[in-house]
Amino acid sequence: MSASILHNPAALLLLLLLAAGAWPAWPTWPAWLVRSAHAAQPDRHVQPVRLPACPDRPNCAITQAEGAVRDGQYIEPLPFTGEAAPAMRRLAVALSALPGCTVVEMGGLTVRAQCRGKVFGFIDDVVCVADPAASVVHLRSAARSGWWDFGVNRDRAEQLRRRFLGLPR
């Protein structure tokens, strides 16, 4: 056994607790003790995230069919090739290039943005999540308030698709 472990009281206590089987019954191991299981695996093994369903209002667009609760809300997911992380970085760039959109969070396989409308200034929320196993990005673009958005969220999702795939606008 390493001499540095024996001279470190915290490491020694941890070692004794593990040996005695007296480790507290925590729901998960603390992050400082073990590396994340996802960190050691490629992103193709990560379970896809389910986006929240659209409300029963015509001001939302979503790429997960079970989340579309009214006609006209479903749109096709965005396909990508290669690894998900570079695709999500490319998506964040495409999203921030849309008029009025600002990326507010980017982490792992998720990108979140807020988009402010030109006319009334209402804020819409856009959430994009990669599904590496299917090589697609799922997205949900929804108005925070109001009933009808004049198709703005669907148009935004289609503009994002064109930018992300490098298609002409």
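Computed from the coordinates by the stated procedures, all read-outs in this text should not be read as laboratory data. Remember, it's a predicted structure, so these values are computed and weren't measured experimentally. In this analysis, Cβ positions are derived from the backbone assuming ideal geometry, glycine residues included, and neighbour counts consider all displayed protein chains.
If amide hydrogens are placed 1.01 Å from N in the peptide plane, which non-local residues have theirs closer than 5 Å to the one on Q73?
For Q73, whose amide H was placed from the backbone, there are no distant partners under 5 Å.
Above 21 Å lies some portion of the pair distances; for the stretch 77-169, what is it as a whole percent of all C-alpha pairs? Write out the running numbers ahead of the final one.
Numbers: 1139 of 4278 pairs.
The proportion of pairs with Cα distances above 21 Å equals 27 percent.
Could you rank the peptides 136-142, 106-112, 56-62, 70-76 by their average count of other C-beta atoms within 10 Å per residue, with the highest value first?
Highest-to-lowest ranking by the protection proxy: 136-142, 56-62, 106-112, 70-76.
Mind listing which chymotrypsin sites (Phe, Trp or Tyr not before Pro) in the stretch 79-169 are in a DSSP loop and have 10 or fewer other Cβ atoms within 10 Å?
Sparse-neighbourhood loop chymotrypsin sites (Phe, Trp or Tyr not before Pro): F120, W147, W148.
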